[in-house]
Amino acid sequence: MSLNVVALAGSPRARSFTHRLLEAFLEGTGEGTAVERFDLRELKINACQGCFACWFVTPGRCAQEDDFPRVAASLDRADAVILAAPLYFDGLPGPVKTLLDRCVCGVEPYFSVDRQGRSVHRSNRLLAGGSRQAAVLISTCGFPELANFAPLEEHFRAICRNASWDEGGSLLVAGAGFLDPAGRRQEVLDLAARAGEGFAVARHIPAAVQQRMRGPWVDAAAARQAMNHFFARRLGHERPPPD
Ligand SMILES: Cc1cc2nc3c(=O)[nH]c(=O)nc-3n(C[C@H](O)[C@H](O)[C@H](O)COP(=O)(O)O)c2cc1C
């Protein structure tokens with residue numbers, strides 16, 4: 001059975017390693033997967049104005065004219081959403097958050113209650129008889145410790161609840177800037193492809209692959225030292241400051 005995937009490429013950088021991971025993952029999903037990719041850095045998506053016109057004036061449709069409706073239409077059709085974004089200030093880069101905010105038009109205003117007894121809006125897609133979608137998070141960060149992802153992992157869990165997405169797993173790579181010197185880059189990309197392969201079968205990344213991706217890939221002290229020497233060279237300093 002073919003899989004329709006929307007890939008949201010959320011790094012503002014043209015040469016993004018997070019996007020390389022996304023590409024390896026998508027390649028891994030195989031030929032049965034149809035991919036629509038959106039590079040958010042190339043789109044004009046304005047911030048939500050909080051006017052609620054999408055609830056009360058033109059239900060389901062935002063009043064703003066920009067690239068959002070195109071993304072929203074693809075999201076509507078998708079079986080799965082792959083969210084690829086580097087860690088910025090312990091969370092999502094602004095353009096990704098901006099896109100997610102705009103998705104408020106994809107839920108109905110009425111408060112409902114979920115299985116945990118928490119208030120929730122129901123998704124328009126599910127109310128219209130559509131099926132649940134799976135979502136995957138792919139992220140990288142500069143600091144070498146996996147713990148840096150804790151706030152983003154929590155946020156992703158909450159986003160899935162809010163958007164009625166099934167959690168399809170995450171691929172998180174800490175110390176991404178040091179993978180090359182540590183000789184681990186290709187290994188990480190191969191693992192992303194395996195993750196894609198598993199996801200295409202089960203709509204969930206195998207737990208063992210997710211765990212392996214969490215590393216550690218680099219020694220934190222060695223990465224700190226090497227990165228500091230790199231920064232000192234770039235800054236024209238004789239040596240880095242002490243820890
Ligand atoms: C504005 C900004 C904020 C960042 N904040 C964090 C952070 O909070 N923690 C961290 O470990 N790395 C942080 N980083 C580093 C990036 O997450 C890291 O370089 C990432 O691998 C870049 O991914 P990309 O190559 O896909 O753009 C930040 C980078 C930028 C530009």
(request) Name the single residue, out of those in region 1-24 being touching a residue at least 40 places away in the same chain (Cβ under 8 Å) and more than 23 Å from Gly94 (Cβ to Cβ), that is surrounded by the fewest Cβ atoms within 10 Å (Cβ to Cβ). (result) Asn4
(request) Kindly indicate the residue of region 42-51 that is out of contact with any helix residue (DSSP H, G or I) (no Cβ under 7 Å at 6 or more places or on another chain) and more than 17 Å from Ser74 (Cβ to Cβ) and also most open to solvent (accessible area, probe 1.4 Å) among those meeting that condition. (result) Gln49
(message) Quick check on my filter: what residues within region 52-94 are surrounded by fewer than 18 Cβ atoms within 10 Å (Cβ to Cβ), among the small types (Gly, Ala, Ser) and within 16 Å of the ligand (Cβ to nearest atom)?
(response) Gly91, Gly94
(message) Condition check: in contact with a helix residue (DSSP H, G or I) (Cβ under 7 Å, 6 or more places away or on another chain) and over 18 Å from Asn162 (Cβ atoms). Does Thr33 satisfy that?
(response) yes
(request) Tell me, please, whether a residue that is modelled with pLDDT of 95 or more, crowded, with 21+ Cβ neighbours inside 10 Å and not acidic (Asp, Glu) can be found in region 106-129. (result) yes
(request) State the number of residues belonging to region 167-207 that are away from the ligand (no atom under 14 Å from the Cβ), part of a helix (DSSP H, G or I) and surrounded by 16 or more Cβ atoms within 10 Å (Cβ to Cβ). (result) 9
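Quick check on region 138-150: of everything there that is within 9 Å of the ligand (Cβ to nearest atom) and assigned to a helix (DSSP H, G or I), which residue is most open to solvent (accessible area, probe 1.4 Å)?
Restricting to residues being within 9 Å of the ligand (Cβ to nearest atom) and assigned to a helix (DSSP H, G or I), the top hit is Asn148.
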(request) Return only the number of the condition from (1) within 16 Å of the ligand (Cβ to nearest atom); (2) more than 21 Å from Ala202 (Cβ to Cβ) that Ser123 does not satisfy. (result) (1)
(message) What's the total number of residues in region 21-51 that are within 16 Å of the ligand (Cβ to nearest atom) and within 20 Å of His204 (Cα to Cα)?
(response) 7
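The values are calculated or read from the model by the stated rules, or taken from the named source; none is laboratory data. Model, not experiment: these values are computed from the prediction. Reconstructed Cβ throughout: ideal geometry from the backbone, glycine too, with neighbour counts over all protein chains shown. In case anyone asks, the SASA skips ligands and DNA or RNA and just uses the protein heavy atoms, side chains included. Shrake-Rupley method; radii C 1.70, N 1.55, O 1.52, S 1.80 Å.
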